[in-house]
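Enquirer: The structure follows.
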Amino acid sequence: MACFIVPGVEAVIVKTAENRIRKKEQTVESEVKIPLSVKLKWLEEMLFGGCALLLFEHIWHGEIVPYFPFLTAMSNPADMMEMFKEMATVGVTMTAVVTVAWLGICRVADALVSKKSGEKEA
């Protein structure tokens with residue numbers, strides 16, 4: 001019902017961190033590596049993309065409506081508890097899986113960049 005909120009919140013937090021880190025990063029020309037701000041941008045895009053797909057799916061199934069209270073589960077206290085349970089289980093699990101996949105992508109990207117820079121030096 002509202003599992004898309006969890007990755008959306010993480011995406012906003014990541015976007016804030018990315019902006020702060022990008023301001024602090026200084027380019028070092030001698031060192032070849034992917035900046036952290038770029039990696040955080042990848043995570044942000046993965047989270048916002050997943051959030052958008054989940055939002056569309058919930059609209060498609062009528063769980064989100066264009067009038068107050070917007071989430072159909074918010075009209076009934078019993079449904080609200082089910083919604084919070086879904087956010088705590090499904091939403092957190094999906095967000096964790098996306099974050100772990102992002103960590104894997106970052107490791108592979110770093111390995112590829114290191115391998116490329118090693119080939120250039122040799």
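Enquirer: Where does the charge balance sit around ALA11 when Lys and Arg score +1, Asp and Glu -1, over other residues with C-beta under 13 Å from its C-beta? Write out the running numbers ahead of the final one.
Expert: Values: positive: LYS15, LYS41; negative: GLU10, GLU18, GLU44, GLU45.
With Lys, Arg at +1 and Asp, Glu at -1, the net is -2.
Enquirer: Provide the per residue accessible area, probe 1.4 Å, for the stretch 1-91, rounded to a whole number of square angstrom. Walk me through the numbers before you get to the answer.
Expert: Numbers: 6130 Å² over 91 residues.
So the stretch 1-91 comes to 67 Å² accessible per residue, rounded to a whole number.
Enquirer: Which ³J(HN,Hα) values in Hz, rounded to whole numbers, follow from the phi angles of the stretch 107-118 under the Karplus curve 6.51 cos²θ - 1.76 cosθ + 1.60, where θ = phi - 60° and Gly and Pro get x?
Expert: The phi angles translate into 5, 5, 4, 4, 5, 5, 5, 4, 5, 4, 5, x Hz.
Enquirer: Can you give the Kirkwood hydrodynamic radius of the chain from its Cα pairs, in Å with one decimal?
Expert: Numbers: mean 1/r = 0.0601 Å⁻¹.
Result for the chain, one decimal place: 16.6 Å.
Enquirer: Moving on. Quote the FRET efficiency, to the nearest 0.05, computed for SER114 versus ARG22 with a Förster distance R0 of 22 Å and r equal to the Cβ-Cβ distance. The partial results should precede the final answer.
Expert: Details: r = 22 Å, r/R0 = 1.02.
So, using R0 = 22 Å, E works out to roughly 0.45.
Enquirer: Note down the accessible area of THR16, probe 1.4 Å, to the nearest 10 Å².
Expert: 70 Å²
Enquirer: Using a probe of 1.4 angstrom, how much of the accessible area of the stretch 77-122 is carbon and sulfur, in percent?
Expert: 70 percent
The values are calculated or read from the model by the stated rules, or taken from the named source; none is laboratory data. Computed from a predicted model, the values in this text were never measured in an experiment. With ideal geometry, Cβ positions are generated from the backbone for all residues, glycine too; neighbour counts draw on all protein chains shown. Just so you know, the surface numbers come from the protein's heavy atoms only, side chains and all, with ligands and any DNA or RNA stripped out. Shrake-Rupley method; radii C 1.70, N 1.55, O 1.52, S 1.80 Å.
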